[in-house]
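The values are calculated or read from the model by the stated rules, or taken from the named source; none is laboratory data. This is a predicted model, so every value here is computed, not measured. Glycine gets a Cβ as well: all are built from the backbone with ideal geometry, and neighbour counts include every protein chain shown.
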Amino acid sequence: MGSVRNLELGSSQCNHCSTRCQLRISEPDSKKYGAGQLLKLKLDFHVHTTASSDAHTRPDELVPRCKERDLDGLAITDHNVLAREVPSELLIIPGIEVSSRDGHIIGLGVSDAVPRGLSADETILQIKRLGGVSIVVHPYDFLRSALNPEILTTMPDAIEVINSASMLHSITWKRARTFAEKRRLPQTAGSDSHIPETIGKAYTIVDVESRNVASVLDAIRNGQVAPEGRPYHFSDRIRKIIR
Ligand SMILES: [Zn+2]
Ligand SMILES: [Zn+2]
């Protein structure tokens, strides 16, 4: 079982992330290849744990699953609650999936929780104020609280163009990608996993200068990201229901 530590909210922030993120920057930068060279990381930016009422993955299951799936890490993005139990191994990014009144938006690396029920524009601005990166997730999706990004007057840092849980993904993923290309926004992918078995079904390849949270957030902002992944199998959906 991987070790889990509780992180306290800090009162000060760096330029790009919270003190909480700084606390996570503890791993040796063993794979940095020298000045000017970037390191490629494989990260699932959308994972739920038992802090979400509809999810079954315990925080201590995250690191073993990452290792099984050859992931360098992931983002914990529970519904309307900021991750407080963050495994100390690998690169685990504290995040939150906010229920804006217009649809779901993820904040990565925020220093505090973002209230639900704000407009999408206000939610994006609040994530920015809290030092985080905003990602519009599963846009255009059917049967879920999904944002139509065309209503936005404030652009997010990125658009999630691959979400493994999307229904009719051949339609929604394409629409998301078209919007992101038109607005020249970075494109990310995430599994939207609610059970351990689906972690890593989608992931983002991120080019970073260093193996830490601040570098990952900067890489998203700078568009040094490439989305990859596939949709759930029917059996994945059944497995979640019968848990
Ligand atoms: Zn969602
Ligand atoms: Zn989600």
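Just to be sure before I move on: is Val86 farther than 14 Å from Asp44 by Cα, under 13 Å from the mean Cα position of the chain (by Cα), in contact (Cβ under 8 Å) with a residue 60 or more places away in the chain and more than 16 Å from ligand 1 (Cβ to nearest atom) in the structure I sent? Break it down stepwise before answering.
Working: farther than 14 Å from Asp44 by Cα: yes; under 13 Å from the mean Cα position of the chain (by Cα): no; in contact (Cβ under 8 Å) with a residue 60 or more places away in the chain: yes; more than 16 Å from ligand 1 (Cβ to nearest atom): yes.
It is false that Val86 is farther than 14 Å from Asp44 by Cα, under 13 Å from the mean Cα position of the chain (by Cα), in contact (Cβ under 8 Å) with a residue 60 or more places away in the chain and more than 16 Å from ligand 1 (Cβ to nearest atom).
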Counting just the residues of the stretch 58-80 that are more than 12 Å from ligand 2 (Cβ to nearest atom) and in a loop (DSSP other than H, G, I, E, B), which one comes out farthest from Thr188 (Cα to Cα)? Arg58
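Please list, ordered by residue number, the strands (runs of 3 or more DSSP E) wholly in the stretch 159-243 having 3 or more residues that are in contact with a helix residue (DSSP H, G or I) (Cβ under 7 Å, 6 or more places away or on another chain). Reasoning before the result, please.
Numbers: elements: 187-190, 202-208, 225-229.
Fully inside the stretch 159-243 and qualifying: 202-208.
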Scope the stretch 65-94; condition in contact with a helix residue (DSSP H, G or I) (Cβ under 8 Å, 6 or more places away or on another chain) and within 19 Å of Lys240 (Cβ to Cβ); matching residues: Arg65, Leu74, Ile76
Out of curiosity, is Asn212 of a type in the set (S, T, N, Q), within 21 Å of Asp70 (Cα to Cα) and within 16 Å of ligand 2 (Cβ to nearest atom)? no
Give me the pairs: first residue in the stretch 183-211 and closer than 14 Å to Asn222 by Cα, second residue modelled with pLDDT under 95 and more than 16 Å from ligand 1 (Cβ to nearest atom), beta-carbon distance under 7 Å, and six or more apart or on different chains, which are they? Asp207/Leu38; Val208/Leu38; Glu209/Leu38
Checking Lys128 against (1) surrounded by fewer than 17 Cβ atoms within 10 Å (Cβ to Cβ); (2) part of a loop (DSSP other than H, G, I, E, B), which single condition isn't satisfied? (2)
Scan of the stretch 95-125 for residues that are outside any strand (DSSP E or B) and either within 18 Å of Ala165 (Cβ to Cβ) or touching a helix residue (DSSP H, G or I) at 6+ places or on another chain (Cβ under 8 Å) (or both), ordered by number: Arg101, Asp102, Gly109, Val110, Ser111, Val114, Pro115, Leu118, Ala120
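Looking only at the stretch 81-94, which residues are part of a loop (DSSP other than H, G, I, E, B), in contact with a Gly (Cβ under 9 Å, 6 or more places away or on another chain) and among the hydrophobic types (A, V, I, L, M, F, W, C)?
Quick first cut of the stretch 81-94, residues part of a loop (DSSP other than H, G, I, E, B) only: 81-84, 88-90.
Restricting the remaining residues to those that are in contact with a Gly (Cβ under 9 Å, 6 or more places away or on another chain) gives 82-83, 88-90.
Listed by number, the residues that qualify are Leu82, Ala83, Leu90.
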What number goes with the only condition from (1) farther than 19 Å from Pro94 by Cβ; (2) modelled with pLDDT of 95 or more; (3) away from ligand 1 (no atom under 15 Å from the Cβ); (4) of a type in the set (A, V, I, L, M, F, W, C) that Ala165 does not pass? (3)
Within the stretch 131-143, track down each residue that is more than 15 Å from ligand 2 (Cβ to nearest atom) and buried (at least 24 other Cβ atoms within 10 Å of the Cβ). Gly132, Val133
Select from the stretch 214-243 the residues that are in contact (Cβ under 8 Å) with a residue 24 or more places away in the chain and polar (S, T, N, Q) and write down the one among them that is nearest to Asp192 (Cα to Cα). Gln224
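So that you can scan it fast, the table gives a plain yes or no per residue for (1) modelled with pLDDT of 95 or more; (2) closer than 24 Å to Ile159 by Cα; (3) of a type in the set (D, E, K, R):
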position: Phe45; (1), (2), (3): yes, yes, no
position: His48; (1), (2), (3): yes, yes, no
position: Ser52; (1), (2), (3): yes, yes, no
position: Arg65; (1), (2), (3): yes, no, yes
position: Arg69; (1), (2), (3): yes, yes, yes
position: Ile76; (1), (2), (3): yes, yes, no
position: His79; (1), (2), (3): yes, yes, no
position: Leu82; (1), (2), (3): yes, yes, no
position: Leu91; (1), (2), (3): yes, yes, no
